[in-house]
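Throughout, read-outs are computed from the coordinates displayed, never taken from laboratory work. None of the values given here were measured: they were computed from a predicted structure. Don't worry about glycine lacking a Cβ; one is built from the backbone with ideal geometry, like all the others, and counts go over all protein chains shown.
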Amino acid sequence: MNAQPLAVLTLVLLAAGAALSRFSPRRETRAVAIAHSGMALCTALASALSIGPSGALEGEALAGLVATSSLAVTMLPALAALSFALVLSWPEAESGHRTVAQSLGLPALAMAALLAGHLAVIVVCDIVLAVLTVHATEDRARKAQAVVRGGGVALILAGLIAVPTDLWFAPLPQAAPAMGLLASALMVMGVALQLGIGPASFGLRAAMCSGITARGVLTVLPLGGLALLMRVAGPAFAAAADGPTRHAVMAVALLGALVTAALVLVQRAAGAALALLLATSHALVLVGLVGRGSGAHLGGELLWAATLVAGAGAGVCLLALRARHGRLRLDRWNGFYASSTGLSALLLFFRWPWAVCRARSISRRWTWCCTAACRTIPTPWSCAH
């Protein structure tokens, strides 16, 4: 059996589940979503294996990045598993129409972008996904998410305008090689902003500000922008850019991954630490997808799928703890902060400009700088615990 009809059926099941759970009675919302996401997961696995009439496995895990068979093997099962895990982990008391529909609708939009055959359709799917992600974010973090994802969408639209209009609805094998360096670079930067790489990670941290919830996990996972990077912008940038330019972009992404990984150790809140850990993974995905060669692209694709599955598993475990013990005060979890006083200097380096700009007088700036500098010095009583 061909994997293409099963992939489309997976998308239809997720979209139908999102629509029906949005307008079904409240007591049936969660059951409808679980049924549709479960069937979508089964069809996604069937499309990955692509079992023929003889019973032999015909899956092509190494078929190439742009090929739909490769996406059916890796990305479609990961997105379907994410939806199924989130709706299964939602408690009955919190399974409202909006939250359950978002758990199926956002992965369905990401899947539609992966299966689209034209550049303009992928961009439209990513814009709608960014808007719905901002809408799904809690009120406290909505402004930060809107700034980051809005900037990413603006760069993606600028890259689309730089592409000739006759290529907007051309097949992807024709549109990707003709994009050019400027358009592909703008789109890569826009996707990097949406993923929260480097300084843009404050949007992910804001989404997890009130603890780890299913909606928070859903809004920080890499859903928007990566279909565009995987199918169009990444291969086009790798083909158009010369070696030094491509290596410079990869080095910047690796530097962002190292910085966010170091900042994980000095976060007082568990939600911020998890968000920065996801930002580190997103940066490594970007490194793979802008590299040249099938091995780099396949590595980025598999890391994206692994991030989705791991995020879904972490969300299920944390929500199970929440259902058993109530809402956990994860904002007081210190993590590795007490054992990493040496890395406080790195935290001070990134917090210093922001705090100085917020200070209203020179005396407050001087007091804050002296106090923060003194806190970074390890003392016997600070390490006693």
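Residue order for HIS36, HIS135, HIS282, fewest other beta carbons within 10 angstrom first, comes to HIS135, HIS36, HIS282. Remark: spin-label model distance VAL128-VAL8 equals 1.7 nm, labels positioned 7 Å along the Cα→Cβ axis. With only the Cα atoms considered, the range 116-338 has a convex hull volume of 107 Å³ per residue. When THR74, THR260 are arranged by Cβ crowding within 10 Å, least crowded first, meaning fewest neighbours, the order is THR74, THR260.
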